[in-house]
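First up is the structure itself, then whatever we jot down about it.
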Amino acid sequence: HLGFYILIGDAIAACALWVLGSAAESLWVMCVALLVMGGVAGFVMVAGMTWFQAHVEPKILGSIVGVVLFCVHGLIPLSAMFTGILIKLLSIPELTSVLALCTGLLCCFGLLSKRIRRMGKVKEVSV
């Protein structure tokens with residue numbers, strides 16, 4: 001049930017992002033929110049990579065992992081650019097609240113979709 005776990009993890013990270021931006025007035029609250037976000041990101045990354053390694057043909061595994069790592073790390077400059085543009089329009093608490101809301105809504109739509117929710121499920125084959 002990889003899709004379900006990833007969506008739940010992303011929903012938890014969205015809540016932590018909201019707390020980080022709008023409800024956090026204490027350093028300890030911010031540290032806990034960042035710890036939750038980091039833990040969820042680590043779980044999602046390890047679970048996703050493990051799934052890819054188990055279900056992709058070995059001869060194209062390097063290409064698939066390369067594309068995934070590009071998506072995770074290579075798009076960071078674009079993300080920073082768009083955040084810089086948005087931060088001119090919104091304050092930091094507003095921006096984090098809007099982004100947390102968007103992430104939460106995407107997770108809800110994903111959970112409503114049976115196909116996305118069941119992503120990663122493998123059909124059992126009798127031997």
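The values are calculated or read from the model by the stated rules, or taken from the named source; none is laboratory data. All values derive from a computational prediction rather than experimental measurement. Here the Cβ positions follow ideal geometry from the backbone for every residue, glycine too, while neighbour counts run over all protein chains shown. These accessible areas exclude ligands, DNA and RNA; they are computed on the full protein's heavy atoms, side chains included. Shrake-Rupley method; radii C 1.70, N 1.55, O 1.52, S 1.80 Å.
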Over 5 Å intervals from 0, what percent of Cα-Cα pairs in the range 1-96 sits in each interval? 2, 12, 15, 18, 20, 15, 9, 6, 3, 1, 0
Electrostatic dipole magnitude of the chain [Cβ: Lys, Arg +1; Asp, Glu -1; Cα centre; debye, to 20]: 480
For Ile60 and Met30, FRET efficiency with R0 = 30 Å and r from the beta-carbon atoms, rounded to 0.05? 0.10
For the Cα atoms of the chain, what angle does the longest principal axis make with the long axis of helix 2-18, in degrees from 0 to 90, nearest 10? 10
Separation in nanometres of the label points that stand 7 Å from Cα toward Cβ, at Phe52 and Ser22: 3.3
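If each DSSP helix of 4+ residues adds -39,500 (n - 2.57) and the sum is divided by the residues in the chain, what number results at 222 nm, nearest 500 deg cm²/dmol?
Computed mean residue ellipticity for the chain: -24500 deg cm²/dmol.
Enter the accessible area per residue of the chain (Å², integer; probe 1.4 Å; all protein chains in place).
Details: 9190 Å² over 127 residues.
With all protein chains present, the chain gives 72 Å² per residue.
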What net charge do the residues around Ala33 carry, taking every other residue with its C-beta under 15 Å from that of Ala33, with Lys and Arg at +1 and Asp and Glu at -1? -2
Hey, what angle do you get for helix 76-89 against the long axis of the chain, alpha-carbon based, 0 to 90 degrees rounded to 10? 30
